[in-house]
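Notes follow once the structure below has been shown.
The values are calculated or read from the model by the stated rules, or taken from the named source; none is laboratory data. Not measured: the values here are computed from a predicted model. In this analysis, Cβ positions are derived from the backbone assuming ideal geometry, glycine residues included, and neighbour counts consider all displayed protein chains.
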Amino acid sequence: MNSLDKFDCAILAALQGDATLSIAGLAERVGLSSTPCWKRVKRLEEEGYIESRVSLINRNKVGLPVTVFVSVRTTSHDEAWLARFAAAVIALPEVLEFHRMSGDVDYLLKVVTTDIGGYDRFYKKLITTANLTGVSSAFSMEQIKYSTALPLDLIAHKLPT
């Protein structure tokens, strides 16, 4: 993997803010001409810096206002068990994020749903996926900050000019 420079970082920052920018608009924003900018975007995609371009949907407007953080504990820690459990959890559309954790909790899921009844239906599906020791749920009362943008300014001082 090649390292990033200031133009790459500027391109990534601009695309995080608006993935619909045209190459000409992006090039103008980062101080490059269109062809070199386009080549950099293609390289950033090929090298995996840009994983995908998406539209962010307002979950409240589409009827998915409830966010639940689900902590899962288990006594099974072998690779075969994890492969089966991971496949089952990944297949649950309510799960937006799925993390293997250190500490007292083995797995943490970020789940969105319609309401308490929707979460109960999800919970019943989750507990059939594998032998779980414990499942604990924490409902988000208010989303205070939400961002999909990585803090690229934290690495900017390390970038070649």
* Scope the range 15-42; condition over 23 Å from SER147 (Cα atoms), assigned to a helix (DSSP H, G or I) and either modelled with pLDDT under 95 or aliphatic (A, V, I, L, M) (or both); matching residues -> ILE23, ALA24, ALA27
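Being within 30 Å of ASP8 (Cα to Cα) and touching an Asp or Glu at 6+ places or on another chain (Cβ under 8 Å) is the requirement here; does LEU159 meet it?
In short, yes.
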* Asked: Any chance the range 125-132 includes a residue that's of a type outside the set (A, V, I, L, M, F, W, C), surrounded by 12 or more Cβ atoms within 10 Å (Cβ to Cβ) and over 23 Å from PRO65 (Cβ atoms)?
  -> yes
* Structure fact -> Only one of TYR119, TYR123, TYR107 is modelled with pLDDT of 95 or more, farther than 27 Å from THR20 by Cα and within 16 Å of the chain's Cα centre (by Cα), namely TYR107
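Given the residues TYR123, TYR146, which is the only one that is farther than 30 Å from LEU4 by Cβ and hydroxyl-bearing (Ser, Thr, Tyr)? Outline the logic, then answer.
Details: TYR146 fails: farther than 30 Å from LEU4 by Cβ.
Just one listed residue meets the conditions, TYR123.
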* Asked: Out of the residues in the range 100-121 that are of a type in the set (A, V, I, L, M, F, W, C) and in contact (Cβ under 8 Å) with a residue 40 or more places away in the chain, which is surrounded by the most Cβ atoms within 10 Å (Cβ to Cβ)?
  -> VAL111
* To do: Could you tell me which of the residues ARG29, ARG43 is surrounded by 17 or more Cβ atoms within 10 Å (Cβ to Cβ), of a type in the set (D, E, K, R) and farther than 30 Å from GLY134 by Cβ?
  => ARG29
* To do: Might you check whether a residue that is surrounded by 14 or more Cβ atoms within 10 Å (Cβ to Cβ), within 28 Å of GLU51 (Cβ to Cβ) and of a type outside the set (Gly, Ala, Ser) occurs anywhere in the range 149-158?
  => yes
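In the range 76-99, is there at least one residue being touching a His at 6+ places or on another chain (Cβ under 7 Å) and within 28 Å of ILE57 (Cα to Cα)?
Checked against the condition, which is being touching a His at 6+ places or on another chain (Cβ under 7 Å) and within 28 Å of ILE57 (Cα to Cα), the range 76-99 yields no hits at all.
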* To do: Quick one: in the range 50-84, of everything that is among the small types (Gly, Ala, Ser) and surrounded by 14 or more Cβ atoms within 10 Å (Cβ to Cβ), which residue is farthest from the chain's Cα centre (by Cα)?
  => SER76
